[in-house]
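Encoded as structure tokens, the structure appears first; notes follow it.
The values are calculated or read from the model by the stated rules, or taken from the named source; none is laboratory data. All of these numbers come straight from a predicted model, not from anything done at the bench. Heads up, the Cβs are rebuilt from the backbone with ideal geometry, glycines too, and the neighbour counts pull from every protein chain shown.
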Amino acid sequence: MAVVSRRNFLGTMAGASLLSCGPSKTPQNEDDGPADYTLTIAVKPIELGPNKIISATTYNGQFPGPLLRFKEGQRVTIDIHNQTNTPEQLHWHGQAVSTDVDGSAEEGTPFIPPNGSRRISFVPKPSGYRFYHSHVRAGADLSAGQYSGLVGPVYIEPKNNPGNYDRELFLTLKEFEPTLSRGGDMDMNFLTPNTPVESLKDTGESAMKASLAKGMPHGFEVGYGSFTINGRMLGQGEPVRVKQGERVLFHVLNGSATEIRSLALPGHTFTIVATDGNPLPKPKRVPGLWLGTAERISAIVDMDRPGVWIMGDMSDDDRGHGMGIVVEYAGSKGKAQWVSPAPFKWDYTRLGNGDGVVAAPDQTFDMTFAKQNAAQDGFNRWTINDIAFSDDHMRPMFRVQAGKRYRLRMRNASDDIHPIHLHRHSFELVRVAGQPTSGVMKDVVMVGGYQEVEVDFVADNPGLTLFHCHQQLHMDFGFMALMEYA
Ligand SMILES: [Cu+2]
């Protein structure tokens with residue numbers, strides 16, 4: 001926990017240990033003097049509950065990694081020490097940084113060598129809720145990549161306007177103890193509009209049928225033994241202690257390697273103010289949250305229903321295995337209560353402006369995502385426009401010019417939901433399953449089974465740019481592409 005902050009206030013993480021902070025010398029340049037932050041990657045025991053201690057690769061021996069509070073536009077220097085025997089990459093998810101520090105080998109970021117270190121320096125931006133995580137290929141190794149404990153939150157303070165709420169709390173949702181199965185996918189039917197494209201469905205279903213007819217088993221999926229919020233299973237950590245009348249801003253991160261998560265607090269509603277750290281055009285009230293891997297939601301909850309509650313995943317099974325945290329009002333006692341919210345659907349388009357008016361793109365890239373069942377050592381192989389990304393197929397697929405606006409028309413010819421991520425840029429949601437919207441800025445969006453989603457981005461950060469599905473099992477087996485600037 002030796003994070004030293006020269007000038008930054010370190011906020012609270014519910015249920016997680018506080019960080020020490022203290023003064024240190026201001027370096028004259030980034031190459032000498034102490035760094036503003038130190039992150040040490042090492043295998044450590046982490047205690048998910050009293051009789052549940054696992055070992056995992058962590059940042060600074062803790063899970064989640066320390067909350068890093070940066071100031072927009074104020075350069076930071078960070079020492080990253082790697083005390084493992086494998087090369088690492090630390091990705092600054094959601095930030096518009098350069099390829100040299102972004103933390104993607106595919107873009108050319110140097111690895112943090114095994115038992116070695118790297119000092120990096122960058123100017124944090126844009127403001128808002130970001131995070132950092134390992135960005136290495138795990139493949140069949142379920143201790144590597146994002147299956148590990150290598151996830152931590154980042155908050156970049158805006159230059160002006162620190163926000164209007166009583167308190168803020170950071171929640172990192174994450175599963176541990178991964179195992180492989182041939183279980184097939186759980187039916188996840190929470191997205192709306194739900195209008196599958198028939199041609200995509202035909203393509204996907206006939207490919208699957210042909211594979212099974214050849215005697216292929218279903219490709220591997222990953223399941224988990226324990227589920228946590230801020231590294232603690234439900235009931236095993238400190239509760240979130242609140243007072244009646246408080247407005248609490250929750251910054252929720254889905255830090256999962258592979259899973260989609262939901263979150264509800266019985267008797268309360270969430271007012272979403274930002275998606276992936278970017279303010280919405282208007283705050284939006286919802287009964288609960290859904291987050292694909294790597295998505296973040298910042299939402300205010302008015303604490304107006306005294307009691308002891310379970311804030312948790314809407315899946316009874318996952319909540320039963322730990323995915324929840326107790327919210328306790330001052331003066332309330334007793335066992336924490338869970339009540340399922342009335343069923344509702346998750347509609348990205350309603351977070352934005354209904355008009356769907358956005359600037360015309362200079363060019364549109366069409367992409368079709370497809371699955372080759374069990375095609376790679378029992379794992380599903382994934383393609384974008386029929387090409388599976390690999391060490392042998394890293395040639396950039398798309399070419400952009402600085403300053404221009406591009407539309408990505410993503411077509412999903414599989415029944416899985418893909419949380420799609422673009423590095424070093426933010427994008428605007430334009431159309432989801434045929435429904436227009438505007439004003440919702442994100443860096444990850446879930447593309448539903450057999451659905452189409454369109455997003456626009458402005459090419460404003462030159463350098464190789466990685467585009468991929470954030471599901472570790474998908475990105476590791478082909479679901480990536482590079483964009484290059486002309
Ligand atoms: Cu995917």
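Residues being more than 11 Å from the ligand (Cβ to nearest atom) and either part of a loop (DSSP other than H, G, I, E, B) or closer than 19 Å to His133 by Cβ (or both) are entirely absent from region 477-484.
Against the test of being surrounded by 14 or more Cβ atoms within 10 Å (Cβ to Cβ) and in contact with a helix residue (DSSP H, G or I) (Cβ under 7 Å, 6 or more places away or on another chain), the options Leu280, Leu265, Leu200, Leu249 yield a single qualifying residue, Leu280.
Listed by first and then second residue, the pairs with beta-carbon distance under 6 Å, at least 6 apart or on different chains, first residue in region 401-420 and touching a residue at least 12 places away in the same chain (Cβ under 8 Å) and of a type in the set (Gly, Ala, Ser), second more than 12 Å from the ligand (Cβ to nearest atom) and in a loop (DSSP other than H, G, I, E, B), are Ala402/Ala459; Ala402/Pro462. In the set (1) in a strand (DSSP E or B); (2) within 15 Å of Thr228 (Cβ to Cβ), the condition left unmet by Asp318 is number (1). Considering (1) buried (at least 22 other Cβ atoms within 10 Å of the Cβ); (2) without any contact (Cβ under 8 Å) to a residue 40 or more places away in the chain; (3) in contact with a strand residue (DSSP E or B) (Cβ under 8 Å, 6 or more places away or on another chain), the lone condition that Pro124 does not fulfil carries the number (2). Pairs linking a residue in region 463-486 that is under 14 Å from Gly139 (Cα atoms) and among the charged types (D, E, K, R) to a residue that is more than 13 Å from the ligand (Cβ to nearest atom) and in a helix (DSSP H, G or I), with Cβ atoms under 8 Å and 6 or more positions apart or on different chains, are Asp476/Gly145. Scanning region 413-423 turns up no residue that is at pLDDT below 95 and of a type in the set (A, V, I, L, M, F, W, C). Would a scan of region 457-464 turn up a residue that is outside any loop (DSSP other than H, G, I, E, B), at negative phi and more than 10 Å from the ligand (Cβ to nearest atom)? Checked region 457-464: at least one residue is outside any loop (DSSP other than H, G, I, E, B), at negative phi and more than 10 Å from the ligand (Cβ to nearest atom). When region 100-121 is filtered for residues that are touching a strand residue (DSSP E or B) at 6+ places or on another chain (Cβ under 7 Å) and polar (S, T, N, Q), the ones remaining, listed by number, are Ser104, Asn115, Ser117, Ser121. Do we have Val240 as hydrophobic (A, V, I, L, M, F, W, C), within 25 Å of Pro50 (Cα to Cα) and surrounded by fewer than 16 Cβ atoms within 10 Å (Cβ to Cβ) here? No. Condition test on Phe467, is it away from the ligand (no atom under 15 Å from the Cβ) and buried (at least 20 other Cβ atoms within 10 Å of the Cβ)? Answer is no for this residue.
Within region 217-237, the set of residues being surrounded by fewer than 22 Cβ atoms within 10 Å (Cβ to Cβ), in a strand (DSSP E or B) and of a type in the set (S, T, N, Q) comprises just one member, Ser226.
Would you call Phe389 without any contact (Cβ under 8 Å) to a residue 40 or more places away in the chain and crowded, with 23+ Cβ neighbours inside 10 Å? In short, no. Against the conditions (1) closer than 23 Å to Gly145 by Cα; (2) in contact with a Pro (Cβ under 8 Å, 6 or more places away or on another chain), Gly439 satisfies every one except (1). Does region 283-297 contain any residue that is without any contact (Cβ under 8 Å) to a residue 24 or more places away in the chain and part of a strand (DSSP E or B)? Yes, region 283-297 contains a residue that is without any contact (Cβ under 8 Å) to a residue 24 or more places away in the chain and part of a strand (DSSP E or B).
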